[in-house]
Amino acid sequence: MAIEVTNIVKKFGSFAALDNVDLKVADGELLALLGPSGSGKTTLLRIIAGLDWPDSGEVAIDGENALSRGASERQVGFVFQHYALFRHMTVFENVAFGLRVQPRAIRKDEATIRARVKNLLDLVQLDWLANRYPSQLSGGQRQRIALARALAIEPRILLLDEPFGALDAKVRKELRQWLRSLHNEIHVTSIFVTHDQEEALEVANRVVVMDKGRIEQIGSPGEVYDNPATAFVHGFIGESIVLPVDVAGDAVQLDGRPLNIPALGAASGAAKLFVRRHDMAVGPAGTGALEGAIRHVRSFGPIQRAEVALAGTEGKTVIEIDAPRDRELQAGEIVSLQPRRYRIFAAQG
Amino acid sequence: MSMQTGLATSTTQLRTYAPATDVSVAAPAPRLEIARAEPVAARRNPRTEPGPVRLIIIALAIAFLSIFVVLPLVVVFASAFSKGIVAYFAALAEPEALAAIKLTLLIAAISVTFNLVFGVVAAWAISKFEFTGKTFLITLIDLPFSVSPVISGLVFVLLFGAQGYFGPWLQAHNVHILFAVPGIALATIFVTFPFVARALIPLMQEQGTQEEEAAISLGASGLQTFFRVTLPNIKWGLLYGVLLCNARAMGEFGAVSVVSGHIRGETNTMPLLVEILYNEYQFVASFAIASLLAMLALITLVAKTVLERRLDEAEVPDGD
């Protein structure tokens, strides 16, 4: 089901958790809300679920106004960061809960409920845990049970709040791929909140990058990584080299020395040059926009990571670049650096 | 976690460096650890006192408890049965005694029911919502603990007595609160109010609201959420509060004494009757009733221990 969020404002005291947020989610999408803590992503998710209410704005699920209904009537599956499994119920009863509390008129008979719970436990591959209590499960298992429980009510949309946040790195990685394939299988419109860019880029069809209660960029993982719309997005997603520069017309200067690169339409004045580590081409001295002395080289896998002290900055500006291992770099070597791809954003404040 | 890693590392270092004869730069540190850890641990555990000191401390504790707790309890039962078992049961079968037992049970039932409902409501409000005046409410709940029970009773005399604020109105409408069951119930409710709320607040605060939110998002109504999720999660805490509330309700003397009026066979609860009988030199009867209260205390004690164990179990599992 499609979700449409319009002009949502939510304040906690004087702090604006959400500041005029608009968002459209298409049917069947797997969308990531990505941002640092305090960016408002969880608040947005809770508002869509009906666990929080906006100060103003609208939420529509499948074209109908969701704000006129409470959380219990929205048929929205919600998976909590800390699972929120019912501790006094077995895994089976946890998953069956949503079916057992249905109004008598539409409640299924016991046999149907049992069959459905069994199916869901099969789906999350944990049918052998049906009679355990939540306290007897590992974090990853609890997370999957929480997901099965949310799916039991045949939700119109599925919302996941930091679904892998409390898990260790390895389990996290497995569950990520698992969530992806699960979504391919059941196709329910899903939104998950995360502060982990890798998770967002790897799992979602589309990524919504948020900061300070606003949406900074919406796009496919490729778009937000390759074409960041704002300085925040460039800095938040992927590792970037950031250099303070001055723009005058089409010329760019670093510490008063001209850089041999066009300004790409950036406004004149103080600005920041963003370059991905691997987008810095290394060449012989005297051939690129920047020059510097290599201070340290670490090689691992397909790349070598070099620390370069930029010339003209008295060795104060040290950047890290990733170069392919076609030519081994040496500490002490003087090299030139040429940004292959870069963005210039006006400096804020 | 990091401590464990650190320990593991130093053990490895021990094995590597210990046999070395020349003192390398890194060696002294692990060696020092050997010197410190093993002989000290072998000589004496710093948390254990020497034998005689331990014995004295334990003996003191036992002696104190025997004199101040066990001895009085023994005296109560010994006096109750001093004229034989027949006299004991005869004393309990007196109409006055039966009336007191009945009244005490009635008062306990009323105040436990009342505090059960309002204790849950107050604990719910405090632990699950944010509102102004919350700290004030918590302080207010504790008030009956800090006020002398006599004052608690006196408050109701001032409110409902013949010269009290509502006295004339009550008299005009022929409503009896003071020196009747309602007054005793009110005073008892007042002094026992904190028990249920106090037992629940920390428990409910620790459990948070996530399970309730999960239940609601799964389509449960407010009542379903309460009876299927909240109540099962707090049941041991609730029982614990009810138990203490009940024990105090049955045993309350001061507040009840002020509002009861001591009408024989009508407004005397068990603790009041114990005093009256004692003052009239009816020792067997007095101690017979007292023995019932003492037994209540013992049962409460056992039940409390069992419940505390269940409570610990209920709290521990969710550690992730």
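The test for being assigned to a helix (DSSP H, G or I), in contact with a helix residue (DSSP H, G or I) (Cβ under 8 Å, 6 or more places away or on another chain) and more than 14 Å from chain A (Cβ to nearest Cβ) holds for residue B:144. Does residue B:197 satisfy being assigned to a loop (DSSP other than H, G, I, E, B) and either open to solvent by less than 60 Å² (accessible area, probe 1.4 Å) or away from chain A (no Cβ under 14 Å) (or both)? So residue B:197 does not fit the description; no. The test for being among the β-branched types (Val, Ile, Thr) and part of a strand (DSSP E or B) does not hold for residue A:171.
Pairs only if they're at least six apart or on different chains, beta carbon under 9 angstrom, first in the stretch A:256-276 and on the phi > 0 side of the Ramachandran plot, second at pLDDT below 85 and not small (Gly, Ala, Ser); list them, first residue then second. Here the result reads A:264/A:250; A:265/A:250, each pair linking the stretch A:256-276 to a residue that is at pLDDT below 85 and not small (Gly, Ala, Ser).
For the stretch A:161-176, a residue qualifies if it is more than 22 Å from residue A:43 (Cα to Cα) and either touching a residue at least 12 places away in the same chain (Cβ under 8 Å) or touching a helix residue (DSSP H, G or I) at 6+ places or on another chain (Cβ under 6 Å) (or both), and the qualifying residues are A:168, A:171, A:172, A:174, A:175, A:176. Restricting A:132, A:144 to residues that are open to solvent by 10 Å² or more (accessible area, probe 1.4 Å), more than 8 Å from every other protein chain (Cβ to nearest Cβ), touching a residue at least 24 places away in the same chain (Cβ under 8 Å) and under 26 Å from residue A:40 (Cα atoms) narrows the list to A:144.
Checking the structure you have, find out if any residue of the stretch B:174-181 is at pLDDT 90 or above, part of a loop (DSSP other than H, G, I, E, B) and open to solvent by less than 60 Å² (accessible area, probe 1.4 Å). No: zero hits.
Of all residues in the stretch B:122-141, exactly one satisfies the criterion of being surrounded by 14 or more Cβ atoms within 10 Å (Cβ to Cβ) and among the charged types (D, E, K, R), namely B:128. The set of residues in the stretch A:69-126 being more than 11 Å from chain B (Cβ to nearest Cβ), under 32 Å from the mean Cα position of the chain (by Cα), outside any helix (DSSP H, G or I) and under 25 Å from residue A:164 (Cβ atoms) consists of A:124, A:125, A:126.
Scan the stretch A:246-269 and tell me whether some residue there is touching a strand residue (DSSP E or B) at 6+ places or on another chain (Cβ under 9 Å), more than 28 Å from residue A:210 (Cβ to Cβ), open to solvent by less than 40 Å² (accessible area, probe 1.4 Å) and of a type outside the set (A, V, I, L, M, F, W, C). Checking the stretch A:246-269: not a single residue is touching a strand residue (DSSP E or B) at 6+ places or on another chain (Cβ under 9 Å), more than 28 Å from residue A:210 (Cβ to Cβ), open to solvent by less than 40 Å² (accessible area, probe 1.4 Å) and of a type outside the set (A, V, I, L, M, F, W, C). Just to check your reading of the model, which residue among A:196, A:161, A:168 is charged (D, E, K, R) and crowded, with 17+ Cβ neighbours inside 10 Å? Just a single option satisfies the conditions, and that option is A:161.
Looking only at residues in the stretch A:289-346 that are in contact (Cβ under 8 Å) with a residue 12 or more places away in the chain and of a type in the set (Asp, Glu), the one that is surrounded by the fewest Cβ atoms within 10 Å (Cβ to Cβ) is A:328. Within the stretch A:139-152, can one find any residue that is part of a loop (DSSP other than H, G, I, E, B) and among the basic types (Lys, Arg)? No, the conditions are met nowhere in the stretch A:139-152. Taking residue A:349, is it in contact with a Leu (Cβ under 9 Å, 6 or more places away or on another chain), open to solvent by 50 Å² or more (accessible area, probe 1.4 Å) and modelled with pLDDT under 85? When the stated conditions are applied, residue A:349 does not pass them. In this structure, residue A:38 qualifies as assigned to a loop (DSSP other than H, G, I, E, B) and either farther than 23 Å from residue A:182 by Cβ or open to solvent by less than 10 Å² (accessible area, probe 1.4 Å) (or both).
Any residue in the stretch A:104-118 that is buried (at least 23 other Cβ atoms within 10 Å of the Cβ), among the hydrophobic types (A, V, I, L, M, F, W, C) and closer than 19 Å to residue B:220 by Cβ?
yes
For the stretch A:129-138, taking the residues that are part of a loop (DSSP other than H, G, I, E, B) and of a type outside the set (A, V, I, L, M), the one that is farthest from the chain's Cα centre (by Cα) is identified as A:131. If a residue has to be within 19 Å of residue B:294 (Cβ to Cβ) and surrounded by 11 or more Cβ atoms within 10 Å (Cβ to Cβ) to count, how many in the stretch B:53-70 make the cut? Of the residues in that region, 3 qualify.
Is there a residue being within 14 Å of another protein chain (Cβ to nearest Cβ), under 25 Å from residue B:123 (Cβ atoms) and in contact with an Asp or Glu (Cβ under 7 Å, 6 or more places away or on another chain) anywhere in the stretch B:207-228?
Of the residues in the stretch B:207-228, the ones within 14 Å of another protein chain (Cβ to nearest Cβ) are B:207-228.
Then drop every residue that is not under 25 Å from residue B:123 (Cβ atoms), which leaves B:207-218, B:220-228.
If we keep only those that are in contact with an Asp or Glu (Cβ under 7 Å, 6 or more places away or on another chain) too, we end up with B:225.
Yes, some residue in the stretch B:207-228 is within 14 Å of another protein chain (Cβ to nearest Cβ), under 25 Å from residue B:123 (Cβ atoms) and in contact with an Asp or Glu (Cβ under 7 Å, 6 or more places away or on another chain).
Flag not set for residue B:253, criterion: under 24 Å from residue B:135 (Cβ atoms), within 22 Å of the chain's Cα centre (by Cα) and either basic (Lys, Arg) or more than 14 Å from chain A (Cβ to nearest Cβ) (or both). Meeting the requirement of 3 or more residues that are of a type outside the set (A, V, I, L, M, F, W, C) and either within 28 Å of residue A:229 (Cα to Cα) or over 33 Å from the mean Cα position of the chain (by Cα) (or both), the strands (runs of 3 or more DSSP E) wholly within the stretch A:255-340 are A:269-276, A:290-300, A:318-324, A:334-339. Output the residue which, of all residues in the stretch B:160-173 that are open to solvent by 50 Å² or more (accessible area, probe 1.4 Å) and assigned to a helix (DSSP H, G or I), is farthest from residue B:258 (Cα to Cα). Across the stretch B:160-173, the extreme among qualifying residues is B:172.
Pairs meeting the criteria (first residue in the stretch A:42-60 and assigned to a strand (DSSP E or B), second residue open to solvent by less than 20 Å² (accessible area, probe 1.4 Å) and of a type in the set (Val, Ile, Thr), beta carbons under 7 Å, at least 6 apart or on different chains) are A:57/A:8; A:59/A:5; A:59/A:47; A:59/A:48.
The values are calculated or read from the model by the stated rules, or taken from the named source; none is laboratory data. Here the structure is a predicted model, which means the values were calculated and not measured. Cβ sites come from the backbone with ideal geometry, for glycine too, and all protein chains shown count toward neighbours. Areas reflect the complete protein model, heavy atoms only, side chains present, ligands, DNA and RNA absent. Shrake-Rupley method; radii C 1.70, N 1.55, O 1.52, S 1.80 Å.
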